[in-house]
Structure formats: structure tokens, C-alpha cells
Amino acid sequence: MRPRLLLLCYFYPPLGGGGVQRVLGFTRWLPEHGWDCTVVCAGPEDYWVRDETLERQVPPATEVIRVAGGSALSTWLRLRRGGGGGRRSGPVFRGLRALSDWWLLPDSYVGWARQARRAAAARLARGDVAALLSSSPPDSVHLAAGPLARRFRLPWIVDFRDSWINLHRRRPPTAWHAARQRAMERRVLAGADLVLATSRAHAGALAHDPAAAGRRVEFLPNGYEPDPVTEAAVRDPDHFLIVFTGLLTLTPDVETLLEALHELFARRPEARRRIRARLAGAYEADYEDRAVALGLKGIVDFPGPLPHPQVRALQRAADVLIVWKPVGCDVAIPAKIYEYLDAARPILALLEAGDEAARMVGEAGAVRVAPGDRAALAAEIERRYLVWRDGGPGAASATEATRPAWLADHTRERLTGRLAGWLDELAAAPRGEGGGQ
């Protein structure tokens, strides 16, 4: 009988967004390495971003157990009769985040995690599962998975797509909250058999955490799926196109870009007819309102979440791709970077010097601008725009990018092969030897 991995996660198709891609990749490619998959995930209406094209990538043999409702977000979406769309109210979500930080630990998904734990326990009781993997955010999935791993004596893989959100990315409201969040994180690290992180910096921080002493910590990048080019990239010869794809929340450099364009147009009014920015992804209404206030309506477009094939086509159509990090993501590598590199388009990075992500895109010839530096960003956009407008000897270098040689080893197919090797080792080891249970 083939071994089976049970994956506990909130985000899985038809939910959309960057958080879906990693676990979807695991379930696509693990069967090629001898592992069947069962996914316990949120209901199809429990997030405000959906992408039906991703659901078509779920292998037919994958067992999917959907647990609907239970999170603060799903409750809010039901109250507003369907939610969805790409625009959400900044004040409303800031208020919800603040309330959840005070009252829901470790996060606003904790009610869903309890329901998911019961559903996962019922599935595990039927047998044939050889290992358990929990993938965050939300971090509450790990608190649900730990007791299951102990009860059913299964090797437990803790997958951090991001650092512990309400401890490292958002400031806990009190010292008591910080201590509780830290204690939860320590309990998860101490109980895991294998800890995965998507950046070397995060993996290093986890490996040196005393709570992870004796635990195996591995760097497993997000990687990417090679673009199958199901959507043609439509280049617009009349406009210089700036593109961002991804989640637009807690990202102050959105305003840096808007203000840089405003500054650029003040000294080059004619550029208003030629420059366009398309920021594709779920976003907070404040950013769109700010664009209007700066006179950028019709120039900066917020189309909301797009189907993933359209996202890849938009990346390939860009004259420049822009990347930044949300607040508190110091050790993270934005997952979109691998797709940007695959698109082989020029990249502008609003990242700190020495940042791991900055080094990656630097190998593709990206230009780095310090986060928040409106003047420097305006100057770099202007330089690229003038080269595009005027052509000449520098035009080719301004419109092409180097594809790093290492990128071929970062497909999700190859990276999942590494995960499968670790799973084979864990499943073969007697329980109690080197494990966290």
C-alpha cells in the first residue's frame, strides 16, 4: 500500500492567492514520488479570493475534506452575503485585525482549526495515513496538528510559509499576548519531527531557536510552476507598463509607488499618457482611494485578484515588474519572485540591502531601491521610461532580464521531490527515534 500524507491547511483551491500555491504543488507532485495525499482545508466560500483555474490542477486522486466556517473571516464574509471581490475596506479589516489580536489566539482562524482537527481526527482514525503536515499561515493549523500527531503517533512536518504572524509580523497588543504567542510557537517547534521554512534566513532563525533544539529544520523554497503559457502576453506598444502581482495588504510601499508616479508626472506631464501601472491582487480600499487623491485614476489600475494564467500573462507583458514586502516580513521571500524570474522581465525591488530576496532578484539584473524612497523610485521609473520611449542602444538591456541558472532547480516538481525524500525517512523511522512525539 502506498503511504499517505494528510495535509492540514486553510488555503486550498478553489480558494486563490499566493498562499494556495505551495500546498497545491505538494499535492500535485507527491503522487509522482509514491505518496498519496489527503487535504483538510477550508470551505470553498471561506476566503474572499477564489480561483477556479487552480481547482482544475488538483489531481483527481487527491482526497479533499473541506471544513466550512469557523474563522472570523468566513463569518464576516457570510454576514456581508458572499464577500468576494478584490477590494476590501481598510478601516473594517484593520478593526477586525485589532480585535482578533486581542481576543483570538493565536489568530482569527482558531475556531476553524478546532473544527478541522475534529475532521482530521475522524480521517486519521480510518487508518492508512503515514505522516501529517501542517502548513501556515494561519498558525492555528499547527496547534490543531500537534495533538493529532501525538494521538495517532505520526511523524509531524511543520511547514512555515511565513513566520508566526501575530508574533513576528504584527506586534502583539500586550506583553501577555506576546508571551502567549511565543509559548505557542515554542510548543509547535518542540513537537515537530521536521520544520520547513521558505527562506534561508527564516530556516536559520528557527534552527537557532532553543525550542527547536534537536529538531530537524530544512530550507524548502516556495519555488514555482513553469509557465505553461495558456494565456498570451499582450504587449502594449503605446504604454510603458509597471506590474505588481500579489496580495496588497499591509504593504506601505504601494503608497511609495503612487507618490513616486505623482512626483514623476509633476516634472514630466507628458508621461501621464504613456505610463500605466497595474497592481493585480486582493487589495485594501485605502490604496485605491490614495491613487484617486493623487490624480492617478486611469493610470494606476487595481483589477483585484485575477485567475492565475492571467497573472502569469500579465507578468510576461510587463515593461517592469515591481516587488516589495509587507510589514514585518524581514525573513520572508515573496513567492511571486520565482514567477517574476521565470517571466524574465526587468525587476524593480523595493527591498533592503542584503535582503535574501534582493540578492535573488539581483542575479537577474534587478535594480534595488530602498523601501519608502519615493524620490529614488521616481528617478528609476523615469530612467526606464525614457529608454523605452526613445529606444536606442540601452533599450534592449532595459527590456530584458537574465534568468538565473539555479531557477531550473526551483520548480515545485523538483522541490516536492526533496519533501518526498524526507517523508520517506520519517515514515521508515521507528516512532520515538529523533521525532518530536
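The values are calculated or read from the model by the stated rules, or taken from the named source; none is laboratory data. Fair warning: this is a prediction, and the values are worked out from it, not measured in the lab. Note: ideal-geometry Cβ built from the backbone for every residue, glycine included; neighbour counts use all protein chains shown.
Just a few scattered comments:
- Residues of region 1-16 satisfying the condition of being surrounded by fewer than 24 Cβ atoms within 10 Å (Cβ to Cβ) and in contact with a Ser or Thr (Cβ under 7 Å, 6 or more places away or on another chain): 4
- Of all residues in region 106-126, those satisfying the criterion of being surrounded by fewer than 19 Cβ atoms within 10 Å (Cβ to Cβ) and either modelled with pLDDT under 90 or part of a helix (DSSP H, G or I) (or both) are 111, 114, 115, 118, 119, 121, 122, 123, 125.
- Contact annotation: residue pairs with Cβ atoms under 6 Å, 6 or more positions apart or on different chains, pairing a residue in region 368-392 that is exposed (fewer than 15 other Cβ atoms within 10 Å of the Cβ) with a partner that is not in a loop (DSSP other than H, G, I, E, B), are 372/256.
- Considering 49, 67, the condition of being outside the structural domain of residue 310 (by TED's automatic domain parsing), out of contact with any Lys or Arg (no Cβ under 9 Å at 6 or more places or on another chain), surrounded by 16 or more Cβ atoms within 10 Å (Cβ to Cβ) and modelled with pLDDT of 80 or more is satisfied by 49 alone.
- If you go through region 206-255 and pick out every residue that is within 22 Å of residue 324 (Cα to Cα), surrounded by fewer than 21 Cβ atoms within 10 Å (Cβ to Cβ) and among the hydroxyl-bearing types (Ser, Thr, Tyr), you end up with 1.
- Condition met for residue 286 (at pLDDT 95 or above and among the charged types (D, E, K, R)): no
- Residue selection: residue 159 satisfies the criterion of being modelled with pLDDT of 95 or more, closer than 22 Å to residue 18 by Cβ and not aromatic (Phe, Trp, Tyr).
- Here residue 203 clears all of (1) touching a residue at least 60 places away in the same chain (Cβ under 8 Å); (2) buried (at least 16 other Cβ atoms within 10 Å of the Cβ) except the condition numbered (1).
- Within region 173-200, the residues that satisfy the criterion of being surrounded by fewer than 19 Cβ atoms within 10 Å (Cβ to Cβ) and not charged (D, E, K, R) are 173, 174, 175, 176, 177, 178, 179, 183, 190.
- Test: residue in region 19-33 that is assigned to a loop (DSSP other than H, G, I, E, B) and either more than 18 Å from the chain's Cα centre (by Cα) or at pLDDT below 95 (or both): no
- Yes/no for residue 227 being part of a strand (DSSP E or B) and in contact (Cβ under 8 Å) with a residue 24 or more places away in the chain: no
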